[in-house]
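Structure, as structure tokens:
A short reminder: the numbers here are calculations on the coordinates, not readings from a lab. Just so we're clear, the structure is a prediction, and the values are computed from it rather than from any experiment. All Cβ positions, even for glycine, are placed from backbone atoms using ideal geometry, and neighbour counts span all protein chains on display.
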Amino acid sequence: RLRDSGALLRVAPVAAAEQSAQNASAARLQSVGALAGGIAHDFNNLLTAISGSAEAALSRDPDGPAAPELRQVMESAARGAALVRQLLAFARQQAMNPRVVELNDAVAAMGGLLKRLLGSRVRLSVELEQPGRRVRIDPTQLDQVIMNLALNARDAMPDGGSLRIATGHAVVLHPEPLGAEELPPGRYAVLEVGDSGAGIPPDLLPRIFDPFFTTKRDQGGSGLGLSTVHGIVRQSGGFIAAESRVGEGTTFRIWLPRHEGTSDSPPPAEPPPAVVAPKPAEAREGRTILLVEDEPALLSLAERALRRAGFDVLPAASAEDALELLEKGAPTPIALVSDVVMPGMDGLALAAKLRERDPDLPVLLVSGYAEVALGRDLEAERLKLLPKPYALADLVAELRAILPRKRAEVS
Ligand SMILES: Nc1ncnc2c1ncn2[C@@H]1O[C@H](COP(=O)(O)OP(=O)(O)OP(=O)(O)O)[C@@H](O)[C@H]1O
Ligand SMILES: [Mg+2]
């Protein structure tokens with residue numbers, strides 16, 4: 001059962017009408033999320049092409065007359081990319097970088113920043129349960145979650161009050177209703193953020209996670225804070241719920257699946273023992289990179305960047321084209337750089353296919369979709385992911401990083 005949370009307010013049983021309103025709002029959230037995800041995906045491609053072109057022009061003539069404008073283009077594209085990341089967070093498709101994190105350490109590390117943020121009129125108390133629990137989450141996103149919740153709490157306490165951040169754990173034996181969702185059985189680390197602020201009226205409570213829902217339009221609220229939090233939590237396999245009483249305060253509780261292992265990821269499967277037959281890896285000579293991307297503008301940009309970095313490039317507009325080129329005797333690539341989401345065979349399938357012949361082939365995947373959205377543990381599969389949009393310089397750097405030393409020195 002859930003850990004008893006002492007001072008926490010309990011949720012009243014959800015009435016049937018409210019339940020169906022919550023279902024409707026969950027459906028709305030999902031469709032907005034799907035829409036945003038689709039748009040964001042296309043935007044990522046466009047932004048990569050825009051900033052990549054500017055970057056290429058700038059590197060050709062760094063002190064030329066157009067340099068300041070080109071830098072402005074790159075800066076604006078970067079701002080656009082940040083917006084897209086926010087959209088993707090609640091579309092649950094944000095490319096993320098999950099690691100094993102000590103929840104207590106992450107919360108403690110935010111303490112100083114939160115104190116400054118909350119000002120002197122809000123008393124901050126941090127209660128860390130021992131022993132601490134580990135969770136697997138992108139640490140930057142975890143910070144973002146705590147920050148958004150703390151900022152909302154501050155806004156709800158204009159005359160001061162108290163903010164309590166606590167960690168704990170829960171072992172859930174039976175599915176537990178959580179608003180429109182359900183908390184499945186499992187072992188969780190729990191994070192609570194509770195304030196003594198204005199509270200949320202019951203009729204608004206089901207809407208707070210909706211994108212763009214805000215009661216702070218006048219103060220410049222975007223209504224994206226909680227939908228971002230919700231997206232991050234769900235993307236990390238967790239759950240979130242809010243309890244509130246008008247005039248008493250609000251508590252957000254987050255359940256994150258506990259990471260039981262000790263190491264960061266399961267050790268990669270041992271490669272099969274060396275055999276007598278010549279390893280295909282040894283056939284990999286030269287400096288040819290197989291580059292697969294279905295977006296023509298991105299394909300030619302990336303191709304130019306790689307060539308400028310000293311590589312030979314075998315460009316292909318699809319996985320099928322790539323395989324055909326290789327069958328027809330194109331040079332054996334020393335690495336694969338591929339988009340993940342493409343019509344036809346996707347980048348993951350292509351990588352698997354190529355590794356049948358060349359198990360050590362370095363693979364760099366480029367995608368706006370998250371590892372969880374792909375449903376794979378990329379680290380265990382020795383696949384490196386570069387989120388879109390990317391800077392051309394990063395593409396080259398990431399590629400060099402996965403090449404064996406000798407090859408990386410190509411220039
Ligand atoms: N701790 C809280 N106490 C009272 N109301 C809250 C609290 N947290 C969220 N809310 C309500 O939920 C709404 C949505 O919150 P959300 O963080 O998504 O957007 P916002 O804070 O209005 O804007 P933004 O975070 O984009 O600046 C808020 O406008 C507020 O009405
Ligand atoms: Mg907010």
Using only the alpha-carbon atoms of the stretch 210-258, report the extent along each of the three principal axes, biggest first, to the nearest angstrom. 39, 24, 12
Roughly speaking, what is the stretch gain from residue 381 to residue 300, that is 0.36 nm per residue apart minus the C-alpha to C-alpha distance, in nm to one decimal? 26.4 nm
By its C-alpha gyration tensor, with a ≥ b ≥ c as the square roots of the eigenvalues, how is the stretch 73-204 shaped: rounded for a/c under 1.5, else prolate for a/b larger than b/c, else oblate? rounded
Report the net charge of residues surrounding residue 157, where surrounding means a beta-carbon distance below 14 angstrom and charges are Lys +1, Arg +1, Asp -1, Glu -1. +1
Given labels modelled 7 Å from the Cα in the Cβ direction, how far is it in nm from residue 352 to residue 312? 3.0
Please give the net charge around residue 391, taking every other residue with its beta carbon less than 15 angstrom from that of residue 391, where Lys and Arg add +1 and Asp and Glu add -1. +3
Any residue on another chain or 5+ positions along whose placed amide H is under 5 Å from the amide H of residue 160 is listed here as none
Name the shape class, rounded, prolate or oblate, that the alpha-carbon gyration tensor gives for the stretch 162-214, where a ≥ b ≥ c are the square roots of its eigenvalues, rounded holds for a/c under 1.5, and otherwise prolate holds if a/b is larger than b/c and oblate otherwise. oblate
Roughly what would the spin-label model give for residue 60 and residue 147, points 7 Å off Cα along C-beta, in nm? 3.7
Can you give the relative contact order of the stretch 280-408 as a percent, counting alpha carbon pairs under 8 Å and 6+ residues apart? 24
If each residue of separation counts as 0.36 nm, what is the full-extension length gain between residue 155 and residue 320 once their alpha-carbon separation is subtracted? 54.0 nm
Would any residue of the stretch 102-145 have its amide N under 18 Å from a label point 7 Å out along Cα→Cβ of residue 187? List them or say none. 102-104, 129-137
Modelled label-to-label distance, residue 69 and residue 328, 7 Å Cα→beta-carbon offset: nm? 4.0
Quarter of the surface of the C-alpha convex hull for the stretch 288-372, i.e. direction-averaged projected area in nm², equals 5.5
If you filter the stretch 211-253 for trypsin sites (Lys or Arg not before Pro), then keep DSSP loop positions with at most 14 other Cβ within 10 Å, what is left? 216
